[in-house]
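One structure is given below, encoded as C-alpha coordinates.
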Amino acid sequence: MDWGTELWDQFEVIERHTQWGLDLLDKYVKFVKERTEVEQSYAKQLRSLVKKYLPKRSTKDDPESKFSQQQSFMQVLQELNDFAGQRELVAENLTVQVCLELAKYSQDIKQERKMHFQEGRRAQQQLENGLKQLENSKRKFERDCREAEKAAQTAERLDQDINATKADVEKAKQQAHVRSHMAEESKNEYAAQLQRFNRDQAHFYFTEMPQIFDKLQDMDERRTARLGASYGLLSETELQVMPIIGKCLEGMKVAAAAVDPKNDSQVLIGLHKSGFTRPGDVEFEDFSQPMTRAPSDSSLGVPPDGRPDPRGPVRNRPKRWPFGKKNKTVATEDFSHLPPEQRRKKLKQQLEDRGRELQKEIDQREALKKMKDVYEKTPQMGDPASLEPRISETLGNIERLKLEIQKYETWLAEAENRVLGNRGDSLGRHSHPPEPPTGAPPDTNNCSSEKESPEAPPSDEGTDTSIYTEFEEDFEEEPAFPIGHCVAVYQFEGSSEGTISMDEGEDLCLMEEDKGDGWTRVRRKQGGEGYVPTSYLRVTPS
(Lines give C-alpha, C1' and ligand atoms only; values in the text may rest on other atoms or scores of the structure.)
Protein backbone atom coordinates (compact mmCIF):
# COMPACT_ATOMS: atom_id res chain seq x y z
CA MET A 1 0.00 0.00 0.00
CA ASP A 2 1.25 3.42 -0.90
CA TRP A 3 0.26 7.00 -0.32
CA GLY A 4 -0.31 7.76 -4.01
CA THR A 5 -3.14 5.25 -4.17
CA GLU A 6 -4.63 5.32 -0.69
CA LEU A 7 -4.12 9.00 0.15
CA TRP A 8 -4.62 10.55 -3.30
CA ASP A 9 -6.90 13.26 -1.88
CA GLN A 10 -4.98 13.91 1.42
CA PHE A 11 -2.38 16.37 0.24
CA GLU A 12 -2.64 18.54 3.37
CA VAL A 13 -2.51 15.49 5.66
CA ILE A 14 0.68 14.29 4.03
CA GLU A 15 2.13 17.76 4.31
CA ARG A 16 1.40 17.96 8.04
CA HIS A 17 2.67 14.41 8.70
CA THR A 18 6.00 14.94 6.94
CA GLN A 19 6.49 18.23 8.78
CA TRP A 20 5.80 16.48 12.11
CA GLY A 21 8.39 13.83 11.24
CA LEU A 22 11.02 16.49 10.61
CA ASP A 23 10.14 18.21 13.88
CA LEU A 24 10.55 14.90 15.72
CA LEU A 25 13.96 14.45 14.07
CA ASP A 26 15.07 17.88 15.28
CA LYS A 27 13.67 17.19 18.74
CA TYR A 28 15.72 13.98 19.00
CA VAL A 29 18.89 15.80 17.92
CA LYS A 30 18.28 18.34 20.66
CA PHE A 31 17.67 15.54 23.18
CA VAL A 32 20.95 13.82 22.30
CA LYS A 33 22.81 17.12 22.52
CA GLU A 34 21.52 17.67 26.05
CA ARG A 35 22.39 14.04 26.85
CA THR A 36 26.01 14.65 25.78
CA GLU A 37 26.12 17.74 27.98
CA VAL A 38 25.01 15.58 30.92
CA GLU A 39 27.74 13.02 30.15
CA GLN A 40 30.39 15.72 29.81
CA SER A 41 29.33 17.35 33.06
CA TYR A 42 29.35 13.97 34.81
CA ALA A 43 32.83 13.16 33.50
CA LYS A 44 34.09 16.61 34.48
CA GLN A 45 32.75 16.23 38.01
CA LEU A 46 34.32 12.78 38.31
CA ARG A 47 37.70 14.11 37.17
CA SER A 48 37.45 17.01 39.59
CA LEU A 49 36.61 14.56 42.37
CA VAL A 50 39.64 12.41 41.50
CA LYS A 51 41.91 15.45 41.36
CA LYS A 52 40.61 16.63 44.72
CA TYR A 53 41.60 13.40 46.45
CA LEU A 54 44.90 12.80 44.69
CA PRO A 55 47.93 13.46 46.93
CA LYS A 56 49.45 16.91 46.58
CA ARG A 57 53.03 15.66 46.66
CA SER A 58 54.66 13.06 44.48
CA THR A 59 54.39 9.39 45.38
CA LYS A 60 58.15 9.19 45.82
CA ASP A 61 58.12 11.79 48.60
CA ASP A 62 54.96 10.52 50.27
CA PRO A 63 55.58 7.86 52.93
CA GLU A 64 51.86 7.09 53.01
CA SER A 65 52.14 5.72 49.46
CA LYS A 66 53.93 2.66 50.85
CA PHE A 67 50.75 1.40 52.53
CA SER A 68 48.61 -1.03 50.56
CA GLN A 69 45.46 0.78 51.64
CA GLN A 70 46.80 4.04 50.17
CA GLN A 71 47.99 2.28 47.01
CA SER A 72 44.58 0.67 46.58
CA PHE A 73 42.87 4.02 47.08
CA MET A 74 45.12 5.56 44.41
CA GLN A 75 44.21 2.67 42.10
CA VAL A 76 40.51 3.25 42.76
CA LEU A 77 40.99 6.92 41.88
CA GLN A 78 42.84 5.98 38.70
CA GLU A 79 40.13 3.55 37.68
CA LEU A 80 37.50 6.19 38.38
CA ASN A 81 39.47 8.63 36.24
CA ASP A 82 39.49 6.07 33.42
CA PHE A 83 35.75 5.58 33.98
CA ALA A 84 35.28 9.33 33.52
CA GLY A 85 37.22 9.07 30.27
CA GLN A 86 34.75 6.49 29.00
CA ARG A 87 31.85 8.82 29.82
CA GLU A 88 33.61 11.51 27.79
CA LEU A 89 33.98 9.00 24.95
CA VAL A 90 30.24 8.30 25.07
CA ALA A 91 29.54 12.02 24.83
CA GLU A 92 31.99 12.41 21.94
CA ASN A 93 30.54 9.49 19.98
CA LEU A 94 26.97 10.71 20.46
CA THR A 95 27.96 14.19 19.34
CA VAL A 96 29.62 12.96 16.15
CA GLN A 97 27.36 10.05 15.21
CA VAL A 98 24.01 11.55 16.20
CA CYS A 99 24.07 15.29 16.70
CA LEU A 100 26.28 16.26 13.78
CA GLU A 101 25.30 13.59 11.25
CA LEU A 102 21.61 13.61 12.07
CA ALA A 103 21.46 17.40 11.97
CA LYS A 104 23.04 17.36 8.52
CA TYR A 105 20.63 14.64 7.41
CA SER A 106 17.73 16.72 8.70
CA GLN A 107 18.78 19.66 6.53
CA ASP A 108 19.04 17.42 3.45
CA ILE A 109 15.65 15.80 3.97
CA LYS A 110 14.00 19.17 4.58
CA GLN A 111 15.30 20.31 1.23
CA GLU A 112 14.02 17.13 -0.42
CA ARG A 113 10.56 17.56 1.14
CA LYS A 114 10.42 21.16 -0.01
CA MET A 115 11.23 20.13 -3.59
CA HIS A 116 8.50 17.46 -3.66
CA PHE A 117 5.81 19.76 -2.34
CA GLN A 118 6.83 22.52 -4.76
CA GLU A 119 6.40 20.01 -7.58
CA GLY A 120 2.98 18.98 -6.25
CA ARG A 121 1.77 22.57 -5.90
CA ARG A 122 2.97 23.34 -9.40
CA ALA A 123 0.95 20.40 -10.75
CA GLN A 124 -2.04 21.55 -8.71
CA GLN A 125 -1.72 25.04 -10.12
CA GLN A 126 -1.56 23.73 -13.65
CA LEU A 127 -4.74 21.67 -13.10
CA GLU A 128 -6.53 24.66 -11.62
CA ASN A 129 -5.50 26.78 -14.59
CA GLY A 130 -6.91 24.13 -16.97
CA LEU A 131 -10.16 24.10 -15.01
CA LYS A 132 -10.43 27.88 -15.29
CA GLN A 133 -9.90 27.72 -19.03
CA LEU A 134 -12.58 25.02 -19.26
CA GLU A 135 -15.01 27.14 -17.29
CA ASN A 136 -14.30 30.13 -19.50
CA SER A 137 -14.84 28.19 -22.71
CA LYS A 138 -18.03 26.70 -21.25
CA ARG A 139 -19.42 30.12 -20.36
CA LYS A 140 -18.50 31.48 -23.81
CA PHE A 141 -20.24 28.54 -25.46
CA GLU A 142 -23.31 29.11 -23.33
CA ARG A 143 -23.32 32.80 -24.09
CA ASP A 144 -22.88 32.28 -27.83
CA CYS A 145 -25.71 29.72 -27.84
CA ARG A 146 -28.06 32.22 -26.22
CA GLU A 147 -27.05 34.92 -28.66
CA ALA A 148 -27.54 32.58 -31.64
CA GLU A 149 -30.96 31.51 -30.38
CA LYS A 150 -31.96 35.13 -29.84
CA ALA A 151 -30.80 36.12 -33.33
CA ALA A 152 -32.71 33.19 -34.86
CA GLN A 153 -35.93 34.25 -33.07
CA THR A 154 -35.50 37.83 -34.27
CA ALA A 155 -35.02 36.74 -37.90
CA GLU A 156 -38.10 34.49 -37.73
CA ARG A 157 -40.25 37.28 -36.27
CA LEU A 158 -39.21 39.77 -38.97
CA ASP A 159 -39.81 37.15 -41.64
CA GLN A 160 -43.44 36.81 -40.50
CA ASP A 161 -43.93 40.52 -40.06
CA ILE A 162 -45.71 41.91 -43.17
CA ASN A 163 -44.55 45.37 -42.33
CA ALA A 164 -40.89 44.44 -42.28
CA THR A 165 -38.86 45.21 -45.32
CA LYS A 166 -37.04 42.59 -47.20
CA ALA A 167 -33.76 44.20 -46.32
CA ASP A 168 -34.50 43.99 -42.60
CA VAL A 169 -35.46 40.35 -42.95
CA GLU A 170 -32.27 39.55 -44.84
CA LYS A 171 -30.17 41.42 -42.33
CA ALA A 172 -31.80 39.56 -39.42
CA LYS A 173 -31.27 36.24 -41.12
CA GLN A 174 -27.63 37.12 -41.75
CA GLN A 175 -27.14 38.05 -38.12
CA ALA A 176 -28.78 34.79 -37.00
CA HIS A 177 -26.44 32.85 -39.26
CA VAL A 178 -23.35 34.61 -37.82
CA ARG A 179 -24.45 33.95 -34.26
CA SER A 180 -25.13 30.36 -35.04
CA HIS A 181 -21.66 30.01 -36.54
CA MET A 182 -20.06 31.61 -33.46
CA ALA A 183 -22.01 29.25 -31.21
CA GLU A 184 -20.74 26.32 -33.21
CA GLU A 185 -17.16 27.48 -32.86
CA SER A 186 -17.59 27.99 -29.10
CA LYS A 187 -19.03 24.53 -28.90
CA ASN A 188 -16.02 23.04 -30.64
CA GLU A 189 -13.62 25.04 -28.46
CA TYR A 190 -15.42 23.99 -25.29
CA ALA A 191 -15.37 20.36 -26.36
CA ALA A 192 -11.64 20.53 -27.05
CA GLN A 193 -10.95 22.28 -23.77
CA LEU A 194 -13.01 19.72 -21.90
CA GLN A 195 -11.14 16.88 -23.51
CA ARG A 196 -7.79 18.49 -22.66
CA PHE A 197 -8.81 19.13 -19.05
CA ASN A 198 -10.01 15.58 -18.55
CA ARG A 199 -6.72 14.29 -19.87
CA ASP A 200 -4.74 16.63 -17.60
CA GLN A 201 -6.92 15.78 -14.62
CA ALA A 202 -6.46 12.06 -15.15
CA HIS A 203 -2.71 12.55 -15.44
CA PHE A 204 -2.74 14.65 -12.25
CA TYR A 205 -4.71 12.19 -10.12
CA PHE A 206 -3.48 8.91 -11.53
CA THR A 207 0.11 9.63 -12.49
CA GLU A 208 1.67 12.91 -11.40
CA MET A 209 0.43 13.29 -7.83
CA PRO A 210 0.76 9.56 -6.97
CA GLN A 211 4.39 9.76 -8.02
CA ILE A 212 4.95 12.81 -5.82
CA PHE A 213 3.15 11.15 -2.90
CA ASP A 214 5.21 8.00 -3.37
CA LYS A 215 8.42 10.06 -3.28
CA LEU A 216 7.23 11.73 -0.08
CA GLN A 217 6.40 8.30 1.36
CA ASP A 218 9.86 6.99 0.49
CA MET A 219 11.43 10.10 2.01
CA ASP A 220 9.42 9.74 5.21
CA GLU A 221 10.19 6.05 5.53
CA ARG A 222 13.91 6.72 5.06
CA ARG A 223 13.71 9.45 7.72
CA THR A 224 11.90 7.06 10.07
CA ALA A 225 14.49 4.32 9.52
CA ARG A 226 17.34 6.76 10.11
CA LEU A 227 15.70 8.00 13.27
CA GLY A 228 15.22 4.44 14.53
CA ALA A 229 18.86 3.64 13.85
CA SER A 230 19.85 6.77 15.76
CA TYR A 231 17.75 5.58 18.69
CA GLY A 232 19.86 2.44 18.69
CA LEU A 233 23.09 4.48 18.78
CA LEU A 234 22.29 5.45 22.36
CA SER A 235 22.60 1.86 23.50
CA GLU A 236 25.34 0.92 21.02
CA THR A 237 27.54 3.76 22.22
CA GLU A 238 27.09 2.59 25.79
CA LEU A 239 27.80 -1.03 24.85
CA GLN A 240 31.04 -0.03 23.12
CA VAL A 241 32.51 1.32 26.35
CA MET A 242 31.01 -1.30 28.64
CA PRO A 243 34.03 -3.67 28.36
CA ILE A 244 36.41 -0.92 29.43
CA ILE A 245 34.03 0.29 32.13
CA GLY A 246 33.83 -3.31 33.30
CA LYS A 247 37.62 -3.41 33.47
CA CYS A 248 37.60 -0.18 35.49
CA LEU A 249 35.12 -1.67 37.94
CA GLU A 250 37.10 -4.91 38.04
CA GLY A 251 40.23 -2.86 38.71
CA MET A 252 38.49 -1.24 41.66
CA LYS A 253 37.57 -4.71 42.91
CA VAL A 254 41.19 -5.85 42.55
CA ALA A 255 42.34 -2.73 44.39
CA ALA A 256 39.98 -3.55 47.23
CA ALA A 257 41.34 -7.10 47.44
CA ALA A 258 44.92 -5.78 47.43
CA VAL A 259 44.56 -4.13 50.83
CA ASP A 260 46.89 -6.09 53.11
CA PRO A 261 46.58 -5.23 56.81
CA LYS A 262 49.63 -7.27 57.81
CA ASN A 263 51.77 -5.67 55.15
CA ASP A 264 50.64 -2.20 56.18
CA SER A 265 51.59 -2.99 59.77
CA GLN A 266 55.05 -4.01 58.61
CA VAL A 267 55.33 -0.87 56.46
CA LEU A 268 54.46 1.27 59.47
CA ILE A 269 57.17 -0.48 61.44
CA GLY A 270 59.68 0.08 58.68
CA LEU A 271 58.79 3.75 58.34
CA HIS A 272 58.79 4.70 62.01
CA LYS A 273 60.83 2.11 63.89
CA SER A 274 63.33 4.11 65.92
CA GLY A 275 65.76 1.32 66.75
CA PHE A 276 65.95 2.39 70.39
CA THR A 277 65.74 -0.17 73.16
CA ARG A 278 62.92 -0.18 75.64
CA PRO A 279 63.67 1.37 79.05
CA GLY A 280 64.73 -0.94 81.86
CA ASP A 281 63.15 -1.22 85.23
CA VAL A 282 63.11 1.88 87.43
CA GLU A 283 65.23 1.37 90.49
CA PHE A 284 63.64 1.63 93.90
CA GLU A 285 64.71 4.68 95.86
CA ASP A 286 64.43 4.06 99.57
CA PHE A 287 63.56 7.27 101.42
CA SER A 288 62.55 5.45 104.63
CA GLN A 289 66.16 5.26 105.93
CA PRO A 290 67.04 8.25 108.12
CA MET A 291 69.78 10.41 106.76
CA THR A 292 72.50 11.56 109.16
CA ARG A 293 73.49 14.97 108.06
CA ALA A 294 76.87 16.41 108.85
CA PRO A 295 77.20 20.12 109.38
CA SER A 296 78.50 20.38 105.87
CA ASP A 297 75.37 18.64 104.53
CA SER A 298 73.53 21.90 104.70
CA SER A 299 75.27 22.85 101.54
CA LEU A 300 73.70 19.94 99.60
CA GLY A 301 71.34 21.02 96.90
CA VAL A 302 72.71 24.55 96.87
CA PRO A 303 73.98 25.52 93.48
CA PRO A 304 77.24 27.40 93.05
CA ASP A 305 75.48 30.73 92.78
CA GLY A 306 74.34 30.37 96.39
CA ARG A 307 70.62 30.17 95.68
CA PRO A 308 68.98 27.02 97.06
CA ASP A 309 67.23 24.74 94.58
CA PRO A 310 63.56 24.56 95.61
CA ARG A 311 63.39 20.99 94.27
CA GLY A 312 65.89 19.75 96.82
CA PRO A 313 68.84 17.50 96.03
CA VAL A 314 69.18 16.66 92.37
CA ARG A 315 68.77 13.02 91.36
CA ASN A 316 69.07 11.48 87.93
CA ARG A 317 65.60 10.57 86.70
CA PRO A 318 65.16 8.47 83.58
CA LYS A 319 62.93 10.05 80.95
CA ARG A 320 59.91 8.12 79.76
CA TRP A 321 59.51 8.03 75.98
CA PRO A 322 57.41 7.68 73.81
CA PHE A 323 54.48 8.92 75.88
CA GLY A 324 55.87 12.37 76.42
CA LYS A 325 56.20 15.02 73.73
CA LYS A 326 59.42 14.93 71.78
CA ASN A 327 61.68 17.92 71.64
CA LYS A 328 61.92 19.50 68.25
CA THR A 329 65.30 18.90 66.66
CA VAL A 330 67.07 20.56 63.79
CA ALA A 331 67.72 18.37 60.76
CA THR A 332 71.37 17.58 60.11
CA GLU A 333 73.19 16.30 57.08
CA ASP A 334 74.14 13.02 58.76
CA PHE A 335 70.55 12.54 59.99
CA SER A 336 71.77 12.25 63.57
CA HIS A 337 68.57 13.99 64.61
CA LEU A 338 66.65 10.83 63.65
CA PRO A 339 66.25 7.61 65.64
CA PRO A 340 68.90 4.99 64.82
CA GLU A 341 66.78 2.81 62.54
CA GLN A 342 65.39 5.75 60.58
CA ARG A 343 68.83 7.31 60.39
CA ARG A 344 70.24 4.10 58.94
CA LYS A 345 67.50 3.97 56.29
CA LYS A 346 67.99 7.60 55.34
CA LEU A 347 71.75 7.15 55.04
CA LYS A 348 71.27 4.01 52.96
CA GLN A 349 68.91 5.89 50.66
CA GLN A 350 71.43 8.71 50.32
CA LEU A 351 74.13 6.20 49.44
CA GLU A 352 71.94 4.62 46.78
CA ASP A 353 71.10 8.03 45.31
CA ARG A 354 74.77 9.07 45.27
CA GLY A 355 75.68 5.72 43.72
CA ARG A 356 73.22 6.25 40.88
CA GLU A 357 74.48 9.79 40.34
CA LEU A 358 78.08 8.54 40.34
CA GLN A 359 77.31 5.86 37.77
CA LYS A 360 75.54 8.45 35.63
CA GLU A 361 78.56 10.76 35.76
CA ILE A 362 80.92 7.87 34.95
CA ASP A 363 78.78 6.87 31.95
CA GLN A 364 78.69 10.47 30.79
CA ARG A 365 82.48 10.77 31.12
CA GLU A 366 82.96 7.58 29.11
CA ALA A 367 80.62 8.88 26.42
CA LEU A 368 82.50 12.19 26.27
CA LYS A 369 85.81 10.39 26.00
CA LYS A 370 84.51 8.29 23.13
CA MET A 371 83.18 11.41 21.44
CA LYS A 372 86.56 13.08 21.91
CA ASP A 373 88.30 10.11 20.29
CA VAL A 374 85.91 10.35 17.35
CA TYR A 375 86.62 14.09 17.00
CA GLU A 376 90.37 13.44 17.12
CA LYS A 377 90.11 10.83 14.39
CA THR A 378 87.58 12.83 12.35
CA PRO A 379 88.24 16.56 12.93
CA GLN A 380 85.46 17.65 10.58
CA MET A 381 82.89 16.28 13.05
CA GLY A 382 83.94 18.60 15.88
CA ASP A 383 86.68 20.13 17.99
CA PRO A 384 88.07 17.75 20.64
CA ALA A 385 89.09 20.69 22.81
CA SER A 386 85.45 21.79 23.09
CA LEU A 387 84.74 18.67 25.16
CA GLU A 388 87.47 19.30 27.73
CA PRO A 389 85.36 21.59 29.98
CA ARG A 390 82.57 19.02 30.14
CA ILE A 391 85.02 16.19 30.81
CA SER A 392 86.61 18.23 33.59
CA GLU A 393 83.17 18.97 35.00
CA THR A 394 82.26 15.28 35.08
CA LEU A 395 85.60 14.47 36.74
CA GLY A 396 84.88 17.07 39.39
CA ASN A 397 81.41 15.64 39.93
CA ILE A 398 82.82 12.12 40.18
CA GLU A 399 85.35 13.16 42.84
CA ARG A 400 82.69 15.09 44.74
CA LEU A 401 80.29 12.13 44.69
CA LYS A 402 83.03 9.72 45.77
CA LEU A 403 83.79 11.94 48.77
CA GLU A 404 80.11 12.15 49.60
CA ILE A 405 79.74 8.37 49.31
CA GLN A 406 82.74 7.90 51.61
CA LYS A 407 81.22 10.33 54.09
CA TYR A 408 77.83 8.61 54.02
CA GLU A 409 79.47 5.18 54.33
CA THR A 410 81.19 6.34 57.50
CA TRP A 411 77.95 7.65 58.93
CA LEU A 412 76.14 4.49 57.86
CA ALA A 413 78.71 2.29 59.59
CA GLU A 414 78.23 4.34 62.74
CA ALA A 415 74.46 4.00 62.43
CA GLU A 416 74.72 0.25 61.84
CA ASN A 417 76.82 -0.15 64.97
CA ARG A 418 74.26 1.88 66.87
CA VAL A 419 71.35 -0.27 65.59
CA LEU A 420 73.21 -3.49 66.26
CA GLY A 421 74.06 -2.31 69.76
CA ASN A 422 70.42 -1.58 70.48
CA ARG A 423 69.38 -4.96 69.09
CA GLY A 424 71.92 -6.76 71.24
CA ASP A 425 70.77 -4.90 74.30
CA SER A 426 67.18 -5.79 73.52
CA LEU A 427 68.15 -9.44 73.12
CA GLY A 428 69.87 -9.44 76.53
CA ARG A 429 66.80 -8.04 78.22
CA HIS A 430 63.86 -9.58 76.44
CA SER A 431 65.27 -12.91 75.17
CA HIS A 432 64.14 -12.59 71.56
CA PRO A 433 66.39 -12.74 68.49
CA PRO A 434 67.75 -9.48 67.07
CA GLU A 435 66.21 -8.07 63.91
CA PRO A 436 68.03 -8.68 60.61
CA PRO A 437 70.45 -6.08 59.29
CA THR A 438 69.30 -3.94 56.40
CA GLY A 439 71.39 -1.92 54.02
CA ALA A 440 75.12 -2.16 54.67
CA PRO A 441 75.96 -4.97 57.11
CA PRO A 442 76.93 -4.17 60.69
CA ASP A 443 80.27 -4.91 62.23
CA THR A 444 80.80 -8.50 63.34
CA ASN A 445 83.61 -10.37 65.11
CA ASN A 446 85.77 -12.92 63.35
CA CYS A 447 86.43 -16.71 63.53
CA SER A 448 84.43 -17.59 66.56
CA SER A 449 81.29 -19.55 67.15
CA GLU A 450 80.47 -17.07 69.89
CA LYS A 451 79.96 -13.36 69.27
CA GLU A 452 80.97 -10.88 71.84
CA SER A 453 78.29 -8.49 72.92
CA PRO A 454 78.27 -5.32 70.79
CA GLU A 455 79.57 -2.16 72.26
CA ALA A 456 77.13 -0.08 74.22
CA PRO A 457 76.22 3.08 72.34
CA PRO A 458 77.77 6.32 73.51
CA SER A 459 75.67 8.36 75.88
CA ASP A 460 76.13 11.69 74.09
CA GLU A 461 74.42 11.06 70.75
CA GLY A 462 71.77 13.76 70.93
CA THR A 463 68.53 14.80 72.50
CA ASP A 464 66.40 11.95 71.21
CA THR A 465 68.92 9.17 71.75
CA SER A 466 70.54 10.10 75.03
CA ILE A 467 67.41 9.31 77.00
CA TYR A 468 67.75 5.64 76.13
CA THR A 469 71.37 5.12 77.00
CA GLU A 470 70.50 5.26 80.66
CA PHE A 471 68.80 1.87 80.30
CA GLU A 472 71.43 0.06 78.22
CA GLU A 473 73.37 -2.74 79.90
CA ASP A 474 76.09 -5.12 78.81
CA PHE A 475 75.14 -8.67 77.97
CA GLU A 476 76.63 -11.84 76.59
CA GLU A 477 75.05 -13.36 73.53
CA GLU A 478 74.50 -17.09 73.43
CA PRO A 479 76.84 -19.03 71.13
CA ALA A 480 75.79 -18.98 67.44
CA PHE A 481 75.73 -22.27 65.52
CA PRO A 482 75.52 -22.75 61.74
CA ILE A 483 72.01 -23.20 60.38
CA GLY A 484 73.10 -24.44 56.98
CA HIS A 485 75.74 -24.37 54.27
CA CYS A 486 76.30 -22.18 51.22
CA VAL A 487 78.71 -21.77 48.34
CA ALA A 488 80.11 -18.48 47.06
CA VAL A 489 79.00 -18.08 43.45
CA TYR A 490 81.11 -14.95 42.98
CA GLN A 491 84.14 -13.44 44.64
CA PHE A 492 83.43 -10.67 47.15
CA GLU A 493 85.80 -8.25 48.87
CA GLY A 494 84.40 -7.19 52.22
CA SER A 495 85.71 -3.64 52.40
CA SER A 496 83.19 -2.10 54.79
CA GLU A 497 82.70 -2.84 58.45
CA GLY A 498 80.67 -5.95 59.23
CA THR A 499 81.39 -7.62 55.87
CA ILE A 500 83.74 -10.48 55.12
CA SER A 501 85.64 -11.43 51.97
CA MET A 502 85.09 -14.73 50.18
CA ASP A 503 86.44 -16.49 47.09
CA GLU A 504 84.41 -17.90 44.22
CA GLY A 505 83.42 -21.51 44.91
CA GLU A 506 84.30 -21.33 48.63
CA ASP A 507 82.20 -23.41 51.04
CA LEU A 508 80.79 -21.35 53.90
CA CYS A 509 78.74 -21.92 57.04
CA LEU A 510 75.35 -20.20 57.01
CA MET A 511 74.96 -18.38 60.34
CA GLU A 512 71.91 -16.22 59.64
CA GLU A 513 69.54 -16.13 56.67
CA ASP A 514 68.75 -13.04 54.65
CA LYS A 515 66.00 -11.08 56.44
CA GLY A 516 65.00 -9.13 53.37
CA ASP A 517 67.85 -6.59 53.33
CA GLY A 518 70.01 -8.42 50.76
CA TRP A 519 72.74 -9.57 53.21
CA THR A 520 73.45 -12.99 54.70
CA ARG A 521 75.75 -13.73 57.66
CA VAL A 522 78.30 -16.51 57.00
CA ARG A 523 81.40 -18.01 58.61
CA ARG A 524 84.50 -19.11 56.72
CA LYS A 525 85.88 -22.55 57.59
CA GLN A 526 89.36 -21.13 58.10
CA GLY A 527 87.91 -18.54 60.49
CA GLY A 528 86.14 -15.25 60.16
CA GLU A 529 82.49 -14.31 60.25
CA GLY A 530 80.55 -11.47 58.65
CA TYR A 531 77.97 -10.41 56.09
CA VAL A 532 78.08 -11.00 52.33
CA PRO A 533 75.55 -10.22 49.56
CA THR A 534 72.82 -12.86 49.37
CA SER A 535 72.85 -12.71 45.55
CA TYR A 536 76.50 -13.91 45.64
CA LEU A 537 75.54 -17.17 47.39
CA ARG A 538 73.91 -20.49 46.63
CA VAL A 539 72.32 -21.40 49.96
CA THR A 540 71.40 -24.90 51.16
CA PRO A 541 69.75 -24.55 54.60
CA SER A 542 69.99 -27.57 56.91
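So here's what we get for this one:
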| item | result |
| --- | --- |
| Euclidean distance of C-alpha centroids, region 36-94 and region 161-185, integer Å | 109 |
| Filter on LYS346/LYS515; LYS253/LYS515; LYS51/LYS273 - keep pairs with C-alpha separation over 22 Å | LYS253/LYS515; LYS51/LYS273 |
| Percent RCO, i.e. relative contact order, over region 340-419, from Cα pairs under 8 Å lying at least 6 residues apart | 52 |
| Average Cα contact separation per residue, region 36-124, under 8 Å, 6 or more apart, as relative contact order % | 44 |
| Nearest-0.05 FRET efficiency for ASP353 and LEU387, computed from C-beta distance (R0 25 Å) | 0.40 |
| With every protein chain in place, region 3-258: carbon and sulfur % of accessible area (1.4 Å) | 53 |
| Virtual spin-label span in nm between PHE284 and ASP260, 7 Å along Cα→Cβ | 4.9 |
| For region 98-209, size of Cβ-based charge dipole, Lys and Arg +1, Asp and Glu -1, in debye | 300 |
| Relative contact order (%) - region 42-93, alpha-carbon pairs under 8 angstrom, separation at least six | 59 |
| Estimated FRET transfer efficiency (LYS402, GLU504; beta-carbon r; R0 25 Å; 0.05) | 0.40 |
| With all protein chains modelled, accessible area of PHE481 [1.4 Å, Å²] | 150 |
| Computed label-point distance, nm, for sites ASN129 and LYS360 using a 7 Å Cα→Cβ extension | 8.9 |
| FRET E, pair ASP168, THR5, Förster distance 41 Å, beta-carbon r, rounded to 0.05 | 0.05 |
| Translational D in µm²/s for region 484-540 (Stokes-Einstein at 20 °C, 1.002 mPa s, Kirkwood Rh from C-alpha pairs) | 199 |
| Protection-proxy order for peptides 261-271, 209-219, each taking the mean of Cβ atoms within 10 Å per residue, highest first | 209-219, 261-271 |
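The values are calculated or read from the model by the stated rules, or taken from the named source; none is laboratory data. Since the structure is predicted, the reported quantities are computational estimates derived from the model, not experimental observations. Note: ideal-geometry Cβ built from the backbone for every residue, glycine included; neighbour counts use all protein chains shown. Calculation scope for accessible area: heavy atoms of the full protein, side chains included, ligands and nucleic acids excluded. Shrake-Rupley method; radii C 1.70, N 1.55, O 1.52, S 1.80 Å.
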